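The values are calculated or read from the model by the stated rules, or taken from the named source; none is laboratory data. All figures in this text were calculated on a predicted structure; none of them were measured in a lab. Neighbour counts are summed over all protein chains in view; Cβ atoms, including those assigned to glycine, are modelled from backbone coordinates with ideal geometry. With ligands, DNA and RNA removed, areas are computed over all heavy atoms of the protein, side chains included. Shrake-Rupley method; radii C 1.70, N 1.55, O 1.52, S 1.80 Å.
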Amino acid sequence: MVDLWLERASEGFGQTTKHLVTDLELPDGKAKGVEEVFERREKELAELLKRMSSDEGADGNELVKEICALIRNKGLREDLVGVLSSGELAAFDAREAKRERETVEARAYRDMAGVNAVVQLDDSQKQEVLGILMEQAAERVEQEADARAFMSLTYGQLATNMDSSNIRGLANMFNAELAETSGIGDYGSAEHLQWIEKRKAERIESELSALGAVLDEEQLARYRKHLEAEPPR
């Protein structure tokens, strides 16, 4: 399993390396430096994955966070200092900011399409709903980021566009405070299922509350029915 995870992670690191070299128009010497940075990060990831699979070392929650941070390229900029020039680092920053904006915008439009598929928004409602979802999108992207990173170890790049409903349970576990999850029992236990149902109910009320000023009563009832019919995760 560790070999499969490393293969998937290596593919992601290789793709990121290639895109950085191309987007920043790096010469061969700089490209080699970027490759070495990712080689070091891949070795660090390999050690963390081995520790996780053998239950050795640090607390499991902290270990998973470190693994996800590497897959998400957290700390990459610091690793590139000394490899890239100040101008190249500025270009890197601009590239990352643009990528984050596009990810957030894409998430908002995707969520709006999901609402529209259920309640048939008119043109005015679409703009209002999109505005609401745009405000929530950055937080939603971040809430799912670790779960998508961890899923990428099995599914590779497919995890990037995986439907939110398929990773919601894992994202909830990653984002829940340790004190909240300490009493939920084993996976699949009655306590665990109750915790999932509680989180689902909270999510539904939060979504309906945000859209309440835009949707009419019939639309709200239809959307509630849709959300309640979703499998608990």
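Within the stretch 1-27, being without any contact (Cβ under 8 Å) to a residue 24 or more places away in the chain and over 20 Å from residue 75 (Cα atoms) holds for 3, 7, 22, 25, 27.
Taking the conditions (1) open to solvent by less than 30 Å² (accessible area, probe 1.4 Å); (2) at pLDDT 90 or above in turn, residue 213 satisfies each one other than (1).
Out of the residues in the stretch 1-29 meeting the condition of being among the aliphatic types (A, V, I, L, M) and in a helix (DSSP H, G or I), tell me which one is most open to solvent (accessible area, probe 1.4 Å). Going through the qualifying residues, I end up with 4. Of all residues in the stretch 101-120, which are farther than 30 Å from residue 21 by Cα, free of Cβ contacts under 8 Å to residues at least 12 places away in the same chain and hydrophobic (A, V, I, L, M, F, W, C)? If the condition is that a residue be farther than 30 Å from residue 21 by Cα, free of Cβ contacts under 8 Å to residues at least 12 places away in the same chain and hydrophobic (A, V, I, L, M, F, W, C), then 113, 117 are the ones that fit. All conditions but one from (1) polar (S, T, N, Q); (2) at pLDDT below 95; (3) over 24 Å from residue 157 (Cα atoms) apply to residue 85; the one that does not is (2). With respect to residue 69, determine if the residue is assigned to a helix (DSSP H, G or I), over 30 Å from residue 223 (Cβ atoms) and either open to solvent by less than 40 Å² (accessible area, probe 1.4 Å) or touching a residue at least 12 places away in the same chain (Cβ under 8 Å) (or both). Criteria met by residue 69.
Tally time: how many residues in the stretch 190-225 are within 16 Å of residue 125 (Cβ to Cβ) and of a type outside the set (A, V, I, L, M, F, W, C)?
Selection size over the stretch 190-225: 8.
Against the test of being free of Cβ contacts under 8 Å to residues at least 12 places away in the same chain, open to solvent by 30 Å² or more (accessible area, probe 1.4 Å) and not in a helix (DSSP H, G or I), the options 74, 98, 43, 32 yield a single qualifying residue, 74.
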